[in-house]
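The values are calculated or read from the model by the stated rules, or taken from the named source; none is laboratory data. The structure presented is a predicted model; accordingly, all values stated were derived computationally and were not measured. A quick note on method: Cβ atoms are made from the backbone with ideal geometry, for glycine too, and the neighbour counts reach across all protein chains shown. Side chains are part of the model used for accessible areas, which takes the heavy atoms of the whole protein and leaves out ligands, DNA and RNA. Shrake-Rupley method; radii C 1.70, N 1.55, O 1.52, S 1.80 Å.
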Amino acid sequence: MGRVSAGRMETFLAVARLGSIRRAAAELHVTEAAVSAAVTHVEKQLGAKLIARSGRGIALTEAGRVYAEYCRGILGLMKEAHAAVRQADAGRLRIGVVATAGESVVLRPLASFRRRYPGVELSLSIQPRDVLFAELQHHETDLVIAGRPPHDANLVIQARRPSTLVVVGTDAPDPRHTTWLLRGSGSGTREATLALIDRLQIDPPTLTLGSHGAVIAAAREGLGITLIHSDAVGEHLRTGALHTLDVPGTPLDRAWHAVTTPTPTLTTRLFLAHLIDPTETGPDDAFHAATGP
């Protein structure tokens with residue numbers, strides 16, 4: 001069996017992600033013939049059919065889905081290896097966060113880290129929790145700040161910061177009958193909300209909104225109530241635009257977690273040391289080093 005180059009893996013992954021030879025060629029700035037040849041070469045080397053026609057596009061076979069997962073991990077590890085040998089204060093740091101953490105938890109520590117280590121190449125990605133942990137498992141992100149990772153994900157909680165989930169609204173409606181505002185699928189807060197509704201044994205109307213900001217805006221306009229991290233609505237509570245509602249079972253303890261793979265890069269370790277240092281990040285923003293699972 002021959003070897004498959006990293007370039008051909010990247011090409012195959014583009015086809016797998018986009019479901020189209022044409023779109024993959026456009027994204028990679030190569031010809032469609034070159035993309036088709038690369039995929040054919042990979043299939044020949046593996047002795048397996050990876051893609052099949054599906055309507056006007058293509059779909060992955062079962063072998064293609066399995067191979068795509070391996071390609072993500074292999075390419076992520078290769079990029080991580082390149083970054084790992086650079087000096088910690090001149091490396092690359094890719095942080096993934098859920099929307100609430102991106103807006104109200106990580107920005108101040110990230111700003112002070114940039115001032116302290118201007119040579120670090122930083123990137124920040126805001127995605128649903130499930131997407132972030134999948135990217136971390138595939139070494140496509142260096143560190144994730146979100147809720148608790150799945151138990152079977154082989155990921156490490158490096159630090160925590162206390163936080164609570166509270167129910168907020170513009171007045172004090174009956175939670176059994178008022179509309180509950182929900183985040184989209186893949187959101188940990190959505191799952192917590194549905195679990196709370198189930199524990200309350202109620203069946204209220206719900207309204208799903210696509211973004212964290214939209215949920216807060218809808219709550220402020222009186223469209224319903226929502227379960228949300230207190231970090232995200234502190235200013236709205238202080239001004240009286242929103243009020244915390246007395247709902248049985250709340251507030252919920254939902255700490256923020258800084259999560260990595262078992263082998264974080266030197267630059268990732270440098271950021272973690274900064275994140276738990278209250279003299280650098282401030283006592284209100286600092287995380288605490290994890291002491292257990």
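With Rg and the Kirkwood Rh both taken from Cα atoms, where does Rg over Rh land for the stretch 192-231?
Rounded to two decimals, Rg/Rh equals 0.97.
For Thr31 and Thr208 in the same chain, what is the full-extension length gain: residue separation times 0.36 nm, less their Cα-Cα distance, in nm?
59.6 nm
With a cut-off of 8 Å between alpha carbons and a minimum separation of six or more residues, what is the relative contact order of the stretch 122-214 in percent?
27
Using a simple spin-label model with points 7 Å from Cα along the Cα→Cβ vector, what separation in nm is obtained for Leu200 and Asp284?
2.9
Averaged per residue, what accessible area in Å² does the stretch 149-216 show with a 1.4 Å probe, protein chains only?
Counting only protein heavy atoms, the per-residue value for the stretch 149-216 is 50 Å².
Given +1 on the Cβ of Lys and Arg, -1 on the Cβ of Asp and Glu, and no further charges, what dipole in debye does the stretch 102-223 carry about its Cα centre, rounded to the nearest 20?
540
What does the charge add up to near Gly96, with Lys and Arg as +1, Asp and Glu as -1, over the other residues with Cβ less than 9 Å from its Cβ?
Taking every Cβ under 9 Å from that of Gly96, the sum is -2.
Using just the C-alpha positions of the stretch 8-144 as equal point scatterers, what log10 of I(q)/I(0) does the Debye formula give at each q in 0.09, 0.18, 0.21 1/Å?
-0.37, -1.04, -1.19
Given a 1.4 Å probe and every protein chain left where it sits, what share in percent of the accessible area of the stretch 1-80 is carbon and sulfur?
Percent of accessible area from carbon and sulfur atoms in the stretch 1-80: 56.
Around Arg56, what is the net charge, scoring Lys/Arg as +1 and Asp/Glu as -1 over all other residues with Cβ under 12 Å from its Cβ?
Counting the neighbours of Arg56, the net charge comes to +3.
Dipole of the chain (Lys/Arg Cβ +1, Asp/Glu Cβ -1, origin at the Cα centre): which of Thr11, Ile145, Leu155 lies farthest to the positive side?
Thr11
What Rg and what Dmax come out for the chain when only alpha-carbon atoms are used, in angstroms?
Expressed in Å, the Cα Rg and Dmax of the chain come to 22.3, 67.
Apply the membrane-span-like helix rule to the chain: whole DSSP H runs, Cα extent along the own long axis of at least 20 Å, mean Kyte-Doolittle hydropathy at least -0.5. List the helices found.
Answer set is 32-46, 62-84.
Quote to one decimal, in nm, the extra length available between Glu121 and Arg269 on full extension: 0.36 nm per residue of separation minus the C-alpha distance between them.
That works out to 51.8 nm of additional length.
Which net charge results for the neighbourhood of Glu27, defined as the other residues with beta-carbon distances under 11 angstrom from its beta-carbon, given Lys and Arg at +1 and Asp and Glu at -1?
My count for the surroundings of Glu27 gives +2.
Across bins of 10 angstrom width beginning at 0, how are the C-alpha pair distances of the stretch 230-293 distributed, in whole percent?
Binned Cα distances yield the sequence 16, 34, 29, 17, 3.
Over the stretch 205-292, what relative contact order in percent results from Cα pairs under 8 Å that are six or more residues apart?
12
What is the chain's relative contact order, in percent, from Cα pairs under 8 angstrom and six or more apart in sequence?
21
Divide by every residue of the chain the summed helix terms, -39500 (n - 2.57) for each DSSP H run of at least 4, and state the resulting mean residue ellipticity at 222 nm, rounded to the nearest 500 deg cm²/dmol.
It lands at -13500 deg cm²/dmol.
Among DSSP beta bridges lying fully in the chain, give the percent that are antiparallel, nearest 5.
65
Go through His212, Ser187, Leu75 and say which Cα lies farthest out towards the positive end of the charge dipole of the chain; charges sit on Cβ, +1 for Lys and Arg, -1 for Asp and Glu.
Checked the options; the winner is Leu75.
Rg and Dmax of the stretch 1-41, Cα atoms, in Å?
Cα only, the stretch 1-41: 9.5, 30 Å (Rg, Dmax).
What fraction of the Cα pairs in the stretch 1-76, stated in percent, has a spacing above 16 angstrom?
42
Please compute the length gained on full extension between Ala241 and Ala63, using 0.36 nm multiplied by the number of residues separating them and subtracting their Cα-Cα distance.
Answer, rounded to one decimal: 58.8 nm.
Between Rg and the Kirkwood Rh of the stretch 150-293, both from Cα atoms, what is the Rg to Rh ratio?
Rounded to two decimals, Rg/Rh equals 1.03.
Is there a quick way to get the dipole size of the chain? I mean about its Cα centre, with the Cβ of Lys and Arg at +1 and of Asp and Glu at -1; what is the value in debye to the nearest 20?
Dipole magnitude for the chain comes out near 980 debye.
How big is the Cα convex hull of the stretch 100-179 in projection, averaged over all directions, in nm²?
8.0
Suppose every K and R has +1 on its Cβ and every D and E has -1 on its Cβ; what is the size of the dipole of the stretch 1-110 about the Cα centre, in Debye to the nearest 20?
Roughly 180 debye for the stretch 1-110.
What does the accessible area per residue of the stretch 1-108 come to in Å², with a 1.4 Å probe and no ligands, DNA or RNA counted?
Per-residue value: 56 Å².
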